[in-house]
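Here the structure comes first, spelled out in structure tokens, and everything after it is commentary.
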Amino acid sequence: MAVAEIRGLTVQYGRFTALSDFSVDIPEGCVGLLGPNGAGKTTLIKTILGFVKPATGGGHVLGADILREGPLIRQRVGLMPEQDCHIPGMSAVAFVAYAGELAGMPGNHALRRSHEVLEYCGLGEARYRLVETYSTGMKQRIKLAQALIHGPKLLLLDEPTNGLDPRGREEMLELIRSVSHGKNVNVIVSSHLLPDIERTCDQVIVVAQGKLRAQGLIKDLRKVEGAPIDVELKEENPKFMQALQERGVTLLSAHRNIYRVQGKGLPSDVGKIVFDAATAVGTQVRGYDLAQRSLEEAFLEVIR
Amino acid sequence: MSSPIADLTYRGYDGPLGGVSKRWWAIAKYQIKKQVKNRFLWVLMAASGWYYAIMIIIFFFLEQMAVNNGPQGEQALKGFLANIVWKDQFLLGFSFGQFLFFVMTWILGAASIANDNRANALLVYLSKPCTKADYLLGKWLGIFLPLLLMQLIPTLFFWLYGMTSFASYGFVGAAGWLILKMIPIAVLGSALSASVILGVSSMFNQGRIAGIVFAGLYMVSNFFTVFVKIAILFQGGHGRSRIADIPPALLNLFYCSIDGIQIAIAKNILGTAGSQPFGGGGARQRMAEVPVPSPIFTALIWLALCAAGWAIAWRRVRAVEVVG
């Protein structure tokens, strides 16, 4: 089931068309929103939240109409913005509780849950400090906490690891992964950092020039056409290459001791040939897997 | 960083969630809670009632004299009360409190939007089910309601003192109903101040700068009020004929300030031009006060200032760049 269904959305800023006849079903789970700068990711999220009125088209987010029910959508969605943002003069616990009250929670519920969410986000011991005094990493965490306070069914995370040191980044990615898996919270992560998307998301939506370029599981997107196989030997062996070619298997590339090969038939048939060739030349096969591109390669190809 | 005894697992929230309307009340409630904890505001409120306090002290001593000196003291109290026009006392109390109301407005409102601008707080507000109207109305009420309360408390105190101490001297008949007139005066005055400071605050990223600009606006516009007072003095100070020599347009300049327009509202609602403080001067002196401006002129200035404040704030507060 889709958490958001967007149909024929066109959004224009004056003469500039930010989204053009854009349709997408955003599935449940953790979804990465990828695209180069100016692709229309921001506009898509603004439209989902009901801030931008599209010229044509429409859609639903968690069952609410994006054209007419912006506030209702924002009550069901939690947004962690990219920019540093807080309400000045407040301690973390007061800030997060206030965010809950703004979302419609009764004051006592908001305060209790504020403590819980801050603990969850790793700010338990710093919850009585003024938010202004927080480090960049702590500010990222508190943005996540204020987005989670009202128990949203959909979380929109924009560049969640911005400004974090490697350890902080690891912890934030772990938090995102934890909240998006098995907690009944759907997450959309908009990030330029493809490794972050790979770590946290199962699926991606690629947007470029205001259009949907690709959508699907990351593992599908990374698949290479023709299903070649990467074979890793114990050490480089030119005879192995020759043996493969003699058996009708095409060598696509060789990088040190890793060979990308493609044969006819099922991968299991090709596998038999590969092992046969290895035995023949007396080398050891250390790895055997369907060849995959990096997400970066896949992304660049999609937006080209 | 997290507590060893804490349950760190994430749990969804399945408690009650209110509707998406009336989010402005959550904003106003927070603002009010924060403001009422500011002790300095309560000190200012008490100080803003200084005229009422002096009147109460004078009344108290005259009462004591009446009690201690028998019929002679009673006569002195009656003579003093005969010169007192109660509605003028309320007008004077309100007028003399204006500067401190300005300081209170400054404290309550200068940072209300400006500091939010600095900290990007709009992202937090607008990513929740709050609309721009909710945000502005909440902020406005967060200034308006404390200001209204702080304007009314000294007045109410003076009125209660009058009701309990001077009922037998005709206070109930002459001024018993005045509190009902003071409420709309305070409502309109607070609404004006809240609207203006809201607009000013929305224009800046720092509360201090917004405060300085508001103070400048107050002082510059107050120049007209002071100018007319001086003009009256130069005309001879007192007497209907002297005031009549000053063109009405010039006299109306008296009301072209944040203070002045509030005094105009008070004069219109109370139906008096005022008199000398502490019942001094008698009827002859009363004529020297700047005449009551026309209700239309008053309403137009009030509306223009309120609308300007709201229009500026409405234009400045935008559904900001939510992402990237």
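Pairing the Cα long axis of helix A:267-281 with the longest principal axis of chain A, what angle in degrees results, from 0 to 90 and rounded to the nearest 10?
50 degrees
Provide the gained length on full extension for the span B:Leu250 to B:Ala308, in nm with one decimal, where the gain is 0.36 nm per separating residue minus the Cα-Cα distance.
Details: separation 58, 0.36 × 58 = 20.88 nm, distance 2.36 nm.
Difference between extended and current length: 18.5 nm.
Return the Rg/Rh ratio of segment A:229-293 with Cα-based radii and a Kirkwood Rh.
With Rg and the Kirkwood Rh in hand, the quotient comes to 0.90.
Does anyone have the angle between helix B:207-234 and the longest principal axis of chain B? Alpha-carbon axes, 0 to 90°, nearest 10?
For helix B:207-234, the angle is close to 20 degrees.
Do me a favour and compute the ellipsoid semi-axes for the protein assembly as shown from its Cα gyration tensor, root of five times each eigenvalue, largest one first, whole Å. Working shown, then result.
Details: eigenvalues 1098, 117, 64 Å².
Output for the protein assembly as shown: semi-axes of 74, 24, 18 Å.
Taking H as built 1.01 Å from N, whose amide H comes closer than 5 Å to the amide H of A:Ala4, not counting residues under 5 places away?
It is A:Ile26, A:Leu62, by chain and number.
Between A:Glu232 and A:Leu252, how many nm apart are label points set 7 Å from Cα along the C-beta direction?
1.8 nm
Quickly work out the B:Lys181-to-B:Gln75 label distance, labels modelled 7 Å from Cα along the C-beta direction, and quote it in nm with one decimal.
3.3 nm
Rounding to the nearest 10 and keeping the result within 0 to 90°, find how far the Cα-based axis of helix B:50-69 lies from the longest principal axis of chain B.
40 degrees
What is the list of residues in segment A:14-53 whose amide nitrogen lies under 19 Å from a point 7 angstrom out from the Cα of A:Asp202, following Cα to Cβ?
Inside the label zone: A:25-34.
So, with +1 on the Cβ of K and R and -1 on the Cβ of D and E, and no other charges, what is the size of the charge dipole of segment A:2-222 about its Cα centre, to the nearest 20 debye? Show your work: numbers first, answer last.
Details: 25 positive and 23 negative charges, 66 e Å.
It comes to approximately 320 debye.
Between A:Gln292 and A:Asn108, what is the FRET efficiency for a Förster distance of 60 Å, r being their Cβ-Cβ separation, to the nearest 0.05? Intermediate results must be reported in sequence, preceding the final value.
Numbers: r = 51 Å, r/R0 = 0.85.
The calculated FRET efficiency here is 0.75.
Pick out, in residue order, every one of the GluC sites (Glu not before Pro) in segment A:203-304 that is DSSP loop and has at most 12 other C-beta atoms within 10 Å; say none if there are none.
Numbers: sites: A:Glu225, A:Glu232, A:Glu235, A:Glu236, A:Glu246, A:Glu296, A:Glu297, A:Glu301; in loops: A:Glu225, A:Glu235, A:Glu236.
Of the GluC sites (Glu not before Pro), the ones in loops of segment A:203-304 whose Cβ has at most 12 other Cβ atoms within 10 Å are A:Glu225, A:Glu235.
Which whole-number percent of Cα pairs in segment A:1-135 have a distance greater than 25 Å?
Details: 3673 of 9045 pairs.
The calculated P(r) of segment A:1-135 puts 41 percent of pairs beyond 25 Å.
For chain A, what is the relative contact order in percent, using Cα pairs closer than 8 Å and at least 6 residues apart in sequence?
Working: 585 pairs, mean separation 55.4, N = 304.
The normalised contact order for chain A reaches 18 percent.
How large is the Rg to Rh ratio of chain A when both quantities use alpha carbon positions and Rh follows Kirkwood?
Numbers: Rg = 24.0 Å, Rh = 21.8 Å.
Rounded to two decimals, Rg over Rh is 1.10.
Please express the Cα-Cα pair-distance distribution P(r) of segment A:67-126 as a list of whole percents, one per 5 Å bin, running from 0 to the bin with the greatest distance.
4, 17, 22, 27, 19, 7, 3, 1, 0
Quick one: give the max-minus-min coordinate of the C-alpha atoms of chain B along each principal axis, largest first, in Å.
82, 49, 32
Taking +1 at the Cβ of each Lys and Arg and -1 at the Cβ of each Asp and Glu, which of B:Gly49, B:Ile107, B:Leu270 sits farthest along the dipole of chain B towards its positive end, judged by Cα position relative to the Cα centre?
Toward the positive end, the furthest listed residue is B:Ile107.
Output the Kirkwood hydrodynamic radius of segment B:86-189, Cα pairs only, in Å rounded to one decimal.
15.9 Å
No value in this document is a laboratory result; all are computed from the given coordinates. Please read these numbers as outputs of a predicted model, since none were measured by experiment. Note: ideal-geometry Cβ built from the backbone for every residue, glycine included; neighbour counts use all protein chains shown.
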